[in-house]
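Please treat every number below as a calculation from the coordinates, not as lab data. Since we're looking at a predicted model, the values are computed, not measured. Cβ sites come from the backbone with ideal geometry, for glycine too, and all protein chains shown count toward neighbours.
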Amino acid sequence: MNIKKIHHVAYRCKDAKQTTDFYRDALSMDLVLAISEDLVPSTKEPDPYMHIFLDAGMGNVLAFFEIPNSPEMGRDLNTPEWVQHIAFEVENLDALLEAKKHLEDFGLDVLGPTNHGIFKSIYFFDPNGHRLELAANTATPEMMKQLHEVAPEMIAEWSITKKAPQHAAWLHKELHPELN
């Protein structure tokens, strides 16, 4: 199998127009196309929907479904709010700070920048309650090489202990010297 890239990632939205406007105005994403049907193509169920596709840059597409005949959308209450999110990469730290100001001027509450050692991020929510992240990479190639090399061992240890492996503890010690 030769997967080339993610074709699109789809989420649910409360209102297709509001969602399109938000992503256009807050994140400069263009509406690529909209598809609307009365029958679901894969199942043939009678369930009208509006499916919008937004340009997330470099061939990446973020899509949403508005499905008005379904119960009101919510979120997975068994998963912490910080876990499920959509992360977008920005060019550099200056672009991240400019984006934060733009989003705050847009009226959004923005958390961060948060330093993750290999990137810095800001966080905010879209009108549907989806958590969004903008990230600027800060890692060196050597840092990424080290993290890549220990990843299989970390997964193996985690699967047994369910405790944070220390293979990449250097990353956290740099971020939190108080833990040394």
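Odds and ends about this structure:
- Among residues of the range 69-93, those that are surrounded by 12 or more Cβ atoms within 10 Å (Cβ to Cβ) and either within 23 Å of THR20 (Cβ to Cβ) or of a type in the set (A, V, I, L, M, F, W, C) (or both), counted: 10
- Flag if LEU96 is in contact (Cβ under 8 Å) with a residue 12 or more places away in the chain and within 30 Å of LYS17 (Cα to Cα): yes
- Within the range 152-162, none of the residues are free of Cβ contacts under 8 Å to residues at least 40 places away in the same chain, in a loop (DSSP other than H, G, I, E, B) and surrounded by 15 or more Cβ atoms within 10 Å (Cβ to Cβ).
- Of ALA26, ALA10, ALA34, ALA63, all but one fail to be assigned to a helix (DSSP H, G or I) and touching a strand residue (DSSP E or B) at 6+ places or on another chain (Cβ under 9 Å); the exception is ALA26.
- Residue in the range 130-151 that is within 22 Å of the chain's Cα centre (by Cα) and either among the β-branched types (Val, Ile, Thr) or exposed (fewer than 12 other Cβ atoms within 10 Å of the Cβ) (or both) present: yes
- Among the candidates PHE124, PHE65, residue that is surrounded by 15 or more Cβ atoms within 10 Å (Cβ to Cβ), without any contact (Cβ under 8 Å) to a residue 40 or more places away in the chain and under 21 Å from TYR11 (Cα atoms): PHE124
- Residues that are in a loop (DSSP other than H, G, I, E, B), at negative phi and out of contact with any helix residue (DSSP H, G or I) (no Cβ under 8 Å at 6 or more places or on another chain), drawn from the range 117-138: HIS130
- Any chance SER42 is loosely packed, with under 14 Cβ neighbours inside 10 Å, free of Cβ contacts under 8 Å to residues at least 12 places away in the same chain, of a type in the set (Ser, Thr, Tyr) and more than 23 Å from ALA135 (Cβ to Cβ): yes
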